Amino acid sequence: MTLRFGIIGCGDIGQLRAEAIHATPSTTLTAVSDVDSNRAASLASSYSAQVASDWHELVRRDDVDAMLVCTPPSLHAQMCTEALDAHKHVLCEKPLARNPVECRAILDAAQRSGCIVATGFNYRFYPSIMKARQLLDSGIIGKLDHIRSYTGYMATAHSHPWMHEFETMGGGSLRDNGIHLIDLTCYFLGDVAHAQGLGSNAVWQFDGCEDNGFLLLKNKAGNIATVQASWTEWRGYRLLIELYGHLGCIRASCFPMWTQVIWSDKLGGKTQRKRHLFPYTHLMEHLRSYRWVVVQSFIHELDSLARAVRGEETQLAIGHDGALAIEAAHAASENDTPPPESKRPS
Ligand SMILES: NC(=O)c1ccc[n+]([C@@H]2O[C@H](COP(=O)([O-])OP(=O)(O)OC[C@H]3O[C@@H](n4cnc5c(N)ncnc54)[C@H](O)[C@@H]3O)[C@@H](O)[C@H]2O)c1
């Protein structure tokens, strides 16, 4: 069965999502909606799709099975909830919503409808991360002990001003680039039971939005992870996650894409190491830009959603994963981020 999609929001990500839907055999694009009617018309015409008069009409259409929500985060809760109540499956872009209360409303709607809500944590489907998952599951580094993870870029690269507006985002770097990293860290750690954190906005001073967020996570077994998300990284866009086990460690980087494993047969024994470099990904990134890499991860994600709808087990991030990541991010903003009413000095 082909999953027929509607897209709400035809901006940067909506356009890449449409390209991915078109390239995924199990999915098709039926109709789109955007408050910018030119944008909607242009995207629809590229993929022979229709333009809905507004997003409320789109979620009610009988010829749509699933919605892709690609609008700014402040709109996610309302759009996801209404789509789920209209018995549509939903893949919502990250962050799932601005805060735990909005996430809860989405999860409740999913439960009411019996439909799937997935969170757009496409980094799970990057080659270096899939390799890390495979290596960890193979047992090569023994039992997982702890995780260290970092992501950062400079806020000057924000593609929209709303990315550092509290009203739209609900917070700063931990809800932006950091939300992918929180999800990856939880994905590898498993059974996260505790989160605490701190945030600082001393550099950019965006009201209510940390430019550096720091988290400590702990799972039910007592394994600990550290997470840092930054908007003050001077060396391009970086994401590195390091998984430490009793017999070795796995390091996975997304920018650039590589995975390294160092392991030993016994604690304190002679080590071996191997690096996976993903030459095809590097070549295509060079020829077609990073957008190609993103679209490939979206294709994996969409295929996983189509399989999840058929009842198969997948690595797809569901709504609970999106809510867990926001709860963790919230732990930092609750503690230390200056409240939104504190004004930036003029
Ligand atoms: N998965 C990733 O790696 C990734 C990367 C970047 C952004 N994102 C997420 O994707 C989402 C969209 O980001 P973007 O960069 O594409 O933003 P964008 O501003 O380029 O696109 C958003 C679109 O939504 C439209 N929109 C706004 N209100 C609407 C409404 N009421 N009805 C219909 N359309 C409406 C806007 O007109 C715009 O075209 C955000 O949640 C963002 O965090 C995810």
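The values are calculated or read from the model by the stated rules, or taken from the named source; none is laboratory data. Since we're looking at a predicted model, the values are computed, not measured. Quick reminder, even Gly has a Cβ in these numbers, built from the backbone with ideal geometry, and neighbours come from all protein chains shown.
Based on what the data block shows, is L16 assigned by TED's automatic domain parsing to the domain that holds I106, modelled with pLDDT of 95 or more, in a helix (DSSP H, G or I) and crowded, with 24+ Cβ neighbours inside 10 Å? Steps first, answer last, please.
On the way: assigned by TED's automatic domain parsing to the domain that holds I106: yes; modelled with pLDDT of 95 or more: yes; in a helix (DSSP H, G or I): yes; crowded, with 24+ Cβ neighbours inside 10 Å: no.
The answer is no for L16.
The sole residue among A105, A77, A83 that is assigned to a helix (DSSP H, G or I) and surrounded by fewer than 22 Cβ atoms within 10 Å (Cβ to Cβ) is A105. Would you confirm, using the coordinates I've provided, whether A109 is touching a strand residue (DSSP E or B) at 6+ places or on another chain (Cβ under 8 Å), more than 22 Å from H300 (Cβ to Cβ) and more than 14 Å from the ligand (Cβ to nearest atom)? Yes, satisfied. Look at the range 61-85: where a residue is over 20 Å from T28 (Cα atoms) and in the same structural domain as S113 (by TED's automatic domain parsing) and a partner is surrounded by fewer than 23 Cβ atoms within 10 Å (Cβ to Cβ) and small (G, A, S), sitting 6+ places away or on another chain with Cβ atoms under 7 Å, you get A77/A105; T81/A105; T81/A109; D85/A109; D85/S113.
In the range 125-233, which helices (runs of 4 or more DSSP H) lie fully inside it and hold 2 or more residues that are buried (at least 17 other Cβ atoms within 10 Å of the Cβ), more than 20 Å from the chain's Cα centre (by Cα) and modelled with pLDDT of 95 or more?
Working: elements: 127-138, 166-169, 177-189.
Of the helices (runs of 4 or more DSSP H) lying wholly inside the range 125-233, those with at least 2 residues that are buried (at least 17 other Cβ atoms within 10 Å of the Cβ), more than 20 Å from the chain's Cα centre (by Cα) and modelled with pLDDT of 95 or more span 127-138.
Of all residues in the range 102-112, at least one satisfies being over 25 Å from R175 (Cβ atoms), in the same structural domain as G14 (by TED's automatic domain parsing) and modelled with pLDDT of 95 or more.
Note on the range 247-327: enclosed strands (runs of 3 or more DSSP E) holding 2 or more residues that are crowded, with 17+ Cβ neighbours inside 10 Å are 248-254, 257-264. Evaluation of L29 against the conditions (1) more than 11 Å from the ligand (Cβ to nearest atom); (2) touching a Lys or Arg at 6+ places or on another chain (Cβ under 7 Å); (3) part of a strand (DSSP E or B) shows that the sole unmet condition is (2). Evaluated against (1) assigned to a strand (DSSP E or B); (2) away from the ligand (no atom under 11 Å from the Cβ); (3) of a type outside the set (D, E, K, R); (4) buried (at least 19 other Cβ atoms within 10 Å of the Cβ), I21 falls short on exactly one condition, (1).
Residue count for the range 146-169 satisfying the condition of being touching an Asp or Glu at 6+ places or on another chain (Cβ under 9 Å) and within 11 Å of the ligand (Cβ to nearest atom): 5. Does P95 fit the bill of being touching a residue at least 60 places away in the same chain (Cβ under 8 Å), crowded, with 21+ Cβ neighbours inside 10 Å, within 14 Å of the ligand (Cβ to nearest atom) and at negative phi? For P95, the condition - touching a residue at least 60 places away in the same chain (Cβ under 8 Å), crowded, with 21+ Cβ neighbours inside 10 Å, within 14 Å of the ligand (Cβ to nearest atom) and at negative phi - is met. The numbered conditions (1) outside any strand (DSSP E or B); (2) near the ligand (Cβ under 10 Å from one of its atoms); (3) not small (G, A, S) are all true for V64 except (2).
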